[in-house]
Amino acid sequence: MTSFEIAYLCFGSFVCLAGLTMIATYSATNPWWRTHIGRMLVTYAAAEIMMSFILLLAVVVHIGPHWFRGVWFVLQAIVGGCFVFQTIVILRLHKAARNARELDH
């Protein structure tokens, strides 16, 4: 195993374990499935975990990328959708804060 493969094994494992820990902690402490933001956070984390796992397989186990190109595309689409949702939430929060400031004046 090369030094890059060892480094990616450590990095990819860290990302996967950190993401799974976040989802498990969130699931144990909050009903995330009841809110749009909670569902988005878990969806985003799951997509990132899967992308890291796929790269881990490709880099460390040398599994060719042909079988997961479709899966990678779907995961990237999910991440992109989460970014769009996050942008909408940020704009709504900004608008609500601006409206609250205007009411205070």
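Within region 25-48, the set of residues being aliphatic (A, V, I, L, M), closer than 21 Å to Ile90 by Cα and free of Cβ contacts under 8 Å to residues at least 24 places away in the same chain comprises Leu41, Val42.
Taking every residue in region 49-62 that is in contact (Cβ under 8 Å) with a residue 24 or more places away in the chain and pairing it with any residue that is of a type in the set (D, E, K, R) and surrounded by fewer than 18 Cβ atoms within 10 Å (Cβ to Cβ), at least 6 positions away or on another chain, the pairs with Cβ-Cβ distances below 9 Å are Val59/Glu5; Val60/Glu5. The residues of region 21-43 that are hydrophobic (A, V, I, L, M, F, W, C) and surrounded by 14 or more Cβ atoms within 10 Å (Cβ to Cβ), listed by number, are Met22, Ile23, Trp32, Met40, Leu41, Val42. Scanning region 1-18 for residues that are of a type in the set (S, T, N, Q) and without any contact (Cβ under 8 Å) to a residue 24 or more places away in the chain yields Thr2, Ser3. Scan region 80-104 for residues that are surrounded by 16 or more Cβ atoms within 10 Å (Cβ to Cβ) and either among the basic types (Lys, Arg) or closer than 19 Å to Leu20 by Cα (or both) and the total you get is 1. Being over 18 Å from Leu9 (Cβ atoms) and either of a type in the set (D, E, K, R) or within 10 Å of the chain's Cα centre (by Cα) (or both) is the filter here, so list the residues in region 29-75 that pass it. If the condition is that a residue be over 18 Å from Leu9 (Cβ atoms) and either of a type in the set (D, E, K, R) or within 10 Å of the chain's Cα centre (by Cα) (or both), then Arg34, Arg39, Met40, Leu41, Val42, Thr43, Tyr44, Ala45, Ala46, Ala47, Arg69, Leu75 are the ones that fit. Looking across Ala58, Ala47, one residue alone is surrounded by 15 or more Cβ atoms within 10 Å (Cβ to Cβ) and in contact with a Pro (Cβ under 7 Å, 6 or more places away or on another chain). It is Ala58.
Bear in mind that the values in this text are calculations on the coordinates, not laboratory data. Predicted model, so just to flag it, every value in this text is computed and none were measured. No Cβ is skipped: glycine too gets one built from the backbone with ideal geometry, and neighbour counts run over all protein chains shown.
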